[in-house]
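Asker: Below you'll find the structure I mean.
Bear in mind these aren't lab numbers, they're just calculated from the coordinates by the rules spelled out. The model shown is predicted, which means the values in this text are computed figures rather than measured ones. Glycine also receives a Cβ, built like all others from the backbone with ideal geometry; neighbour counts cover every protein chain displayed.
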Amino acid sequence: MSGRPYVLEETTWKTVKAIDYEVAVLPWGATEAHNYHLPYGTDNYESSYVAIEAARKAWEREARVVVLPTVPFGVNTGQLDIRLTINMNPSTQAMVLGDIVESLDAQDVPKLVIVNSHGGNDFRQMIRELQSSSGVFIAAINWWNCIDVKLFYDEAGDHAGELETSVMMEIAPELLLPISEAGDGAARKFKIAGLKSGLAWAPRTWTRVTEDTGSGNPARATREKGARHLEAVTSSIAEFLVDLAKSDAPDSYE
Ligand SMILES: [Zn+2]
């Protein structure tokens, strides 16, 4: 029995040699504490699941897509005082991404989509830099907010809250502690008005913001909410992958 041809880690050269892959998909996560109840690999499980499920749906519609192994480290410069949270600096990520893109470019895989799970990761500037030197068309998706989350959650939260807890109940329920073990995910706001309102942005020092490492209350999380959200997210990403795979000139305009 051979593996799924749209999951590179499961696939052999025999399969790869015979398929003209049009789009590579790169899940990118982080390794960090997620309140008391979710695993450190939460962002990696999420981006892998979303990428593979979207690729499966796209493959069934004849799109030749392949999901690369997940990059497990994110930008966590504000959490270095939380044990075993592992930071990968943006400049290191840019080098990792550059090497992956160079490989794809040399092998005539013409398009790459990053499926990002972690709020501290931002690939846009890296993609802009690669645009001038690479023949690969690169796009990025933050899967958690690519569809309006208010359709699915009472209060989504931004780290280990209702959204992330709900999707992890669907993706890897065996790895979660009961919600009764979780903190309330209360997160303090900046004192300065302009930072609090979002007029100005600055990164937060996480252990001064939250006691339990969470930001967002997981109390109302359910597996059903997570399943509905994931279904909608993976269907809309699959739609995009199908369109992108069949486009001969993705860098073209109406
Ligand atoms: Zn997360």
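Asker: Classify segment 26-106: rounded, prolate or oblate, from the alpha-carbon gyration tensor (a ≥ b ≥ c, eigenvalue square roots; a/c under 1.5 rounded; otherwise prolate if a/b is larger than b/c)?
Answerer: Oblate shape, in that a/c is at least 1.5 and b/c is the bigger or equal ratio.
Asker: While we're looking at this one, here's another question. Quickly estimate the mean residue ellipticity at 222 nm for the chain, helices only: each DSSP H run with n ≥ 4 gives -39500 (n - 2.57), and the total goes over all residues, rounded to 500.
Answerer: -11000 deg cm²/dmol
Asker: Rank these for me by crowding, 169, 95, going from fewest to most other beta carbons within 10 Å.
Answerer: Exposure proxy ranking, most exposed first: 95, 169.
Asker: Show me the trypsin sites (Lys or Arg not before Pro) within segment 126-227 that DSSP assigns to loop and that have at most 13 other Cβ atoms within 10 Å of their Cβ.
Answerer: 188, 189, 191
Asker: Quick check on my link table: of 17/225; 14/111; 150/189; 17/246; 57/196, which ones sit more than 31 Å apart, alpha carbon to alpha carbon?
Answerer: Listed pairs above 31 Å: 17/225; 57/196.
Asker: Follow-up. Taking only the C-alpha atoms, wrap a convex hull around the chain and report its volume per residue in Å³ as a whole number.
Answerer: Residue-normalised Cα hull volume stands at 150 Å³.
Asker: Just report the Cα centroid separation between segment 1-41 and segment 63-95, whole Å.
Answerer: Centre-to-centre distance over Cα atoms comes out at 15 Å.
Asker: Rounded, prolate or oblate: which fits segment 121-254, taking a ≥ b ≥ c as square roots of the Cα gyration tensor eigenvalues, rounded meaning a/c under 1.5, else prolate when a/b beats b/c?
Answerer: It comes out oblate by the Cα gyration axes.
Asker: Would you please name the GluC sites (Glu not before Pro) within segment 1-102 that are DSSP coil residues with at most 10 other C-beta atoms within 10 Å of their C-beta?
Answerer: Here the GluC sites (Glu not before Pro) that fit, given the DSSP loop and packing criteria, are 62.
Asker: Could I ask something else about it? Determine the shape class of segment 140-194: with a ≥ b ≥ c the square roots of the Cα gyration tensor eigenvalues, call it rounded for a/c under 1.5, and otherwise prolate if a/b is greater than b/c, oblate otherwise.
Answerer: Oblate, because a/c is 1.5 or more while a/b does not exceed b/c.
Asker: Can you grab the distance from the C-alpha centre of segment 97-148 to the C-alpha centre of segment 169-236, Å, no decimals?
Answerer: 25 Å
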